[in-house]
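K.L.:
Let me begin by handing over the structure; questions about it come next.
Please treat every number below as a calculation from the coordinates, not as lab data. These numbers were taken from a predicted model, which means no experiment stands behind them. A quick note on method: Cβ atoms are made from the backbone with ideal geometry, for glycine too, and the neighbour counts reach across all protein chains shown.
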Amino acid sequence: MLIEESSTLTAKGQTTVPKAVRQALGIRAGDKIAFRVDKSGHVSLARDGGRDDGSAVDAFLAFLSDDIKRRPQGVTPMPDDAAARMRALSQGVDVDLDGDFGDVASL
């Protein structure tokens, strides 16, 4: 996907990140962004890699919330057979909902 948008730089060096770019990056007010300038002077913009561990979950939940607001008809009940299958697969599994996930990156 190619997005090209323009934005005006203010006298204070501030600009607005265009909506299409914010949506493509999955960023919203309060998120951090990183500017990268290569040797040839090309600039790229990305979500700041310094986000905390919870921010990916927060971003996903925000995405779900926004999607439900836009398309409430997309929320449908889980079929009974799927719920029964999930219960069967998780039967006997001990889960600590308050526990730490640990190093999930190594899985």
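K.L.:
Suppose the chain between residue 28 and residue 89 were pulled fully straight at 0.36 nm per residue; how much longer would it get relative to their current alpha carbon spacing?
P.N.:
18.3 nm
K.L.:
When only Cα pairs under 8 Å and 6 or more residues apart are kept, what is the percent relative contact order across segment 1-95?
P.N.:
Relative contact order comes out at 14 percent.
K.L.:
Using Cα pairs under 8 angstrom and six or more residues apart, how large is the relative contact order of segment 16-72, in percent?
P.N.:
This gives 25 percent for segment 16-72.
K.L.:
Starting from the Cα gyration tensor of segment 16-72, take the square roots of the eigenvalues, sort them a ≥ b ≥ c, and report rounded, prolate or oblate (rounded when a/c is under 1.5, otherwise prolate if a/b is larger than b/c, else oblate).
P.N.:
Oblate shape, in that a/c is at least 1.5 and b/c is the bigger or equal ratio.
K.L.:
How much length is gained on full extension from residue 35 to residue 5, taking 0.36 nm per residue of separation minus their Cα-Cα distance?
P.N.:
Working: separation 30, 0.36 × 30 = 10.80 nm, distance 1.57 nm.
Full extension of this stretch gives 9.2 nm more.
K.L.:
Let's see if you can work this out: charge +1 on each Lys and Arg Cβ, -1 on each Asp and Glu Cβ, no other charges. What is the dipole magnitude of segment 16-72 about its Cα centre, in debye to the nearest 20?
P.N.:
280
K.L.:
Simple spin-label model, 7 Å along Cα-to-Cβ: residue 20 to residue 73 in nm?
P.N.:
2.7
K.L.:
Let me ask you something else. Considering all alpha-carbon pairs of the chain, what whole percent are spaced by more than 24 angstrom?
P.N.:
Considering the chain, 53 percent of its Cα-Cα pairs are separated by more than 24 Å.
K.L.:
Calculated from DSSP H runs of 4 or more alone, at -39500 (n - 2.57) each and per residue, what is the 222 nm mean residue ellipticity of the chain, nearest 500? Before the final figure, lay out each step's value.
P.N.:
Values: 3 runs with 35 residues, N = 107.
Only helices count here, giving -10000 deg cm²/dmol.
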